[in-house]
Amino acid sequence: MNIVVPVKLVPDLVEELEINDEGTDLERDFLSYKINEFCDHAIEEALQIKETEGATVTVIAIERDETDKVLYTALAKGADRAIKVTGVDEAATTHTAAKAMCTVISGMDYDVVMTGVQAADDRDGQLGILLAGYLGVPCVSVVSDVSVSGDTLTVHKEYSGGVMARYEVTPKIVLGVQAARQTPRYAPVSRVRQIMKETELEEIEVGDADVDVGSTVRRMYTPEKGDGAEMLEGSSEDVAARIAELLNEKRS
């Protein structure tokens with residue numbers, strides 16, 4: 001079984017985020033990026049299947065400053081191939097990213113595509129669905145467990161309210177992974193550095209991947225600041241009385 005995992009890099013939320021002068025996007029010149037949390041789970045689930053079923057795992061990512069590190073880390077964790085997709089703008093929409101990924105994946109011998117169910121910078125959860133549409137294959141998203149028996153995959157999908165469903169599917173298929181069966185593994189820095197010395201990343205340049213669909217951000221705003229917290233002082237009776245007073249005010 002050949003598994004392909006398209007991963008996305010998202011802004012590191014530990015950093016201070018600023019809006020650009022046009023007010024339509026983040027100021028990206030000084031942002032640092034890291035792998036999307038859900039994409040990390042997709043890699044882990046693919047590696048779990050590799051270890052139990054003998055699958056091959058290929059990780060692909062669109063080029064930006066930190067892409068090499070993310071791909072080398074995936075190799076250090078156990079992926080077999082890592083491909084950097086070039087020729088795509090860093091601020092590409094989900095539609096454009098899906099089309100670019102499709103261009104690469106459609107030329108590969110794949111059985112299963114595993115994406116992160118969503119990303120921290122858009123939360124729309126559409127990459128897997130759009131990718132399946134471009135590839136012309138089915139998609140099951142919000143998946144939390146995958147098991148393989150012969151040519152059949154059993155996947156657990158979560159619906160709203162915590163309702164779980166079990167599906168039996170066959171390749172070719174796209175899965176949007178919400179959580180791997182275990183916490184994504186850690187790759188030691190020494191191992192990553194060794195991989196960087198011994199391995200060259202594959203690069204595939206895509207042509208025109210722009211798609212004139214989707215939503216457009218007209219304006220972004222920083223959250224409004226409130227008046228701050230009211231610190232209650234005094235005896236226990238005084239504090240309790242003030243809390244009761246505040247609750248009554250809110251109720252009215």
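Which of the residues belonging to segment 110-150 are in a helix (DSSP H, G or I) and among the hydrophobic types (A, V, I, L, M, F, W, C)?
Matches in segment 110-150: L127, I129, L130, L131, A132, L135.
Residues E66, E90, E15: which one is surrounded by fewer than 20 Cβ atoms within 10 Å (Cβ to Cβ), of a type outside the set (F, W, Y), over 22 Å from Y110 (Cα atoms) and in contact with a Lys or Arg (Cβ under 6 Å, 6 or more places away or on another chain)?
Going through E66, E90, E15 in turn, just one is surrounded by fewer than 20 Cβ atoms within 10 Å (Cβ to Cβ), of a type outside the set (F, W, Y), over 22 Å from Y110 (Cα atoms) and in contact with a Lys or Arg (Cβ under 6 Å, 6 or more places away or on another chain): E90.
Need pairs with beta-carbon distance below 9 Å; first residue at positive phi and within segment 20-41, second modelled with pLDDT under 90 and surrounded by 11 or more Cβ atoms within 10 Å (Cβ to Cβ); sequence gap 6+ or separate chains.
Filtered contacts from segment 20-41: G23/M220.
Suppose the filter is surrounded by fewer than 23 Cβ atoms within 10 Å (Cβ to Cβ) and farther than 24 Å from G207 by Cα; does D124 pass it?
Considered against the rule, which asks whether it is surrounded by fewer than 23 Cβ atoms within 10 Å (Cβ to Cβ) and farther than 24 Å from G207 by Cα, D124 comes out as yes.
For segment 35-57, give me each residue that is out of contact with any strand residue (DSSP E or B) (no Cβ under 7 Å at 6 or more places or on another chain) and either in a helix (DSSP H, G or I) or buried (at least 18 other Cβ atoms within 10 Å of the Cβ) (or both).
E37, D40, E44, Q48, E51, T52 - these are the residues of segment 35-57 that are out of contact with any strand residue (DSSP E or B) (no Cβ under 7 Å at 6 or more places or on another chain) and either in a helix (DSSP H, G or I) or buried (at least 18 other Cβ atoms within 10 Å of the Cβ) (or both).
Out of all the residues in segment 215-246, which are surrounded by 10 or more Cβ atoms within 10 Å (Cβ to Cβ), small (G, A, S), at pLDDT 80 or above and assigned to a loop (DSSP other than H, G, I, E, B)?
Across segment 215-246, the qualifying residue is only G234.
Quick check: is even one residue across segment 75-90 closer than 16 Å to Y33 by Cα, in contact (Cβ under 8 Å) with a residue 24 or more places away in the chain, in contact with a strand residue (DSSP E or B) (Cβ under 6 Å, 6 or more places away or on another chain) and not hydrophobic (A, V, I, L, M, F, W, C)?
Yes; the residues of segment 75-90 include at least one that is closer than 16 Å to Y33 by Cα, in contact (Cβ under 8 Å) with a residue 24 or more places away in the chain, in contact with a strand residue (DSSP E or B) (Cβ under 6 Å, 6 or more places away or on another chain) and not hydrophobic (A, V, I, L, M, F, W, C).
Which residue is surrounded by the most Cβ atoms within 10 Å (Cβ to Cβ), if the candidates are limited to segment 204-214 and must be outside any strand (DSSP E or B) and in contact (Cβ under 8 Å) with a residue 24 or more places away in the chain?
Ranking the qualifying residues of segment 204-214, first place goes to A209.
Quick check on my filter: what residues within segment 153-203 are exposed (fewer than 12 other Cβ atoms within 10 Å of the Cβ), farther than 30 Å from L135 by Cα and not charged (D, E, K, R)?
Scanning segment 153-203 gives G161, Y186, P188, V189, S190.
Kindly list the number of the only condition in (1) in contact with a helix residue (DSSP H, G or I) (Cβ under 8 Å, 6 or more places away or on another chain); (2) farther than 30 Å from T52 by Cα; (3) in contact (Cβ under 8 Å) with a residue 60 or more places away in the chain that fails for T199.
Just one mismatch for T199, condition (2).
Taking segment 83-109, which residues are under 17 Å from T216 (Cα atoms) and not in a helix (DSSP H, G or I)?
Listed by number, the residues that qualify are D89, E90, A91, A92, T93.
The values are calculated or read from the model by the stated rules, or taken from the named source; none is laboratory data. If you're wondering where the values come from, they're calculated on a predicted model, not measured in any experiment. Because the Cβ atoms are built from the backbone with ideal geometry, glycine has one as well, and the counts that use them run over all protein chains shown.
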